[in-house]
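Asker: One structure, pasted below without further comment.
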Amino acid sequence: HFQLACDDDALPFRADSRINAAIRAAPQRVKKDRLIFCDAAQALADGSPVGICGDETFFEHVHFDFNARYRLARAWAEQIEPLFPRTTNGWISQAECEQRLGLSPWNRSQVIHFMVERMQVPPLSSQANNEERRGALESRIESELAQMNHEQAGRTRQNFEHLLAQHPDDFFLRENYAVFLELSGDVPAAPAQWEHFRDLLPQDPLGY
């Protein structure tokens, strides 16, 4: 029933069964040494307690939450691991990944806030369980807010500065740092990071 709903959706945000069938058939048409097939849908479903992706995977029905993004990245990485010149010493944790991406409580709260805004307008606002889902997301924002204090802000800022010293051309880090500066109260310092972001990614209107 879920698959039929996806196939017949008037807002085709996700690949339907025909698109996925074509992807699954590709390995039979291409030499296996030229193609690696990663069944992301199955990998994510395997991580669900009921075998069907739900609230542990999506913010609503399209956008992956933080946990699912890590699980999906791991699934991809494990598929290409045989191509690495040497074996890995184990994968880094989700927490360390988020720390390297600059996903501080301020940044995570903003992502969740944007999802709450999406749920306040059609078509999500008309869903029967909209109020419950919005409440769950708002509770997650409160959980992130509970971690925001002066000491944590100092550590987060040091982390951003350390990461950008290593990767000065990482536009994603620049964006996250600018967002953090704004939300943590250091608005005067944010424009310099937005200008760096704009210079690195001039085609993106966000920097302007």
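Asker: Among the trypsin sites (Lys or Arg not before Pro) in region 56-136, which ones are in a DSSP loop with at most 13 other Cβ atoms within 10 Å of the Cβ? Mind listing them?
Answerer: ARG86
Asker: With only Lys, Arg, Asp and Glu charged, each at its Cβ (+1 for the first two, -1 for the last two), find how big the charge dipole of the chain is about the Cα centre; round to the nearest 20 debye.
Answerer: Computed about the Cα centre, the dipole is about 820 debye.
Asker: With the cut-off at 1.5 for a/c, could you classify region 1-95 from its C-alpha gyration tensor as rounded, prolate or oblate?
Answerer: Verdict is oblate for region 1-95.
Asker: Between SER17 and GLU142, what length in nm is gained on full extension when 0.36 nm per residue of separation is reduced by their alpha carbon distance?
Answerer: My answer for the length gained is 41.2 nm.
Asker: Something else about it: Cut-off 10 angstrom, C-alpha nodes, Gaussian network model of the chain. Which of ASN107, ASN130, ASN20 fluctuates the most?
Answerer: Greatest mean-square fluctuation among the candidates belongs to ASN20.
Asker: Which ³J(HN,Hα) values, rounded to whole Hz and listed in residue order, are derived for region 196-208 from phi using the Karplus coefficients 6.51, -1.76 and 1.60 in 6.51 cos²θ - 1.76 cosθ + 1.60 with θ = phi - 60°, glycine and proline given as x?
Answerer: 4, 4, 4, 5, 6, 9, x, 7, 8, x, 4, x, 8
Asker: Then there is this: Would you kindly derive the ³J(HN,Hα) couplings of region 118-134 from the backbone phi angles with the Karplus curve 6.51 cos²θ - 1.76 cosθ + 1.60 (θ = phi - 60°), listing them in order in whole Hz, with x for Gly and Pro?
Answerer: Residue by residue, region 118-134 yields 4, 6, 8, 10, x, x, 5, 5, 8, 6, 4, 9, 4, 4, 5, 5, 4 Hz.
Asker: Next up: Whose amide H sits under 5 Å from the amide H of PHE58, counting only residues 5 or more places off or on another chain, with H placed in the peptide plane?
Answerer: Excluding prolines and chain starts, which carry no amide H, the hits are ASP65.
Asker: Under a plain spin-label model, where a point goes 7 Å from the Cα along Cα-to-Cβ, how far apart in nm are ASP8 and ARG86?
Answerer: 5.6 nm
Asker: Under the rule of -39500 (n - 2.57) per DSSP H run of 4 or more residues, summed and divided by the residues of the chain, what mean residue ellipticity at 222 nm is obtained, to the nearest 500 deg cm²/dmol?
Answerer: Calculated at 222 nm, the ellipticity per residue is -18000 deg cm²/dmol.
Asker: Okay, next question. Let's see if you can work this out: charge +1 on each Lys and Arg Cβ, -1 on each Asp and Glu Cβ, no other charges. What is the dipole magnitude of region 122-208 about its Cα centre, in debye to the nearest 20?
Answerer: Dipole of region 122-208, to the nearest 20 debye: 100 debye.
Asker: Can you classify region 51-142 as rounded, prolate or oblate using the Cα gyration tensor, where a ≥ b ≥ c are the square roots of its eigenvalues, rounded means a/c under 1.5, and otherwise it's prolate if a/b beats b/c and oblate if not?
Answerer: Since a/c reaches 1.5 and a/b is larger than b/c, the shape of region 51-142 is classed as prolate.
Rule-based calculations on the coordinates, nothing more; no lab input. What you are looking at is a predicted structure, and each value in this text was computed from that prediction instead of being measured. With ideal geometry, Cβ positions are generated from the backbone for all residues, glycine too; neighbour counts draw on all protein chains shown.
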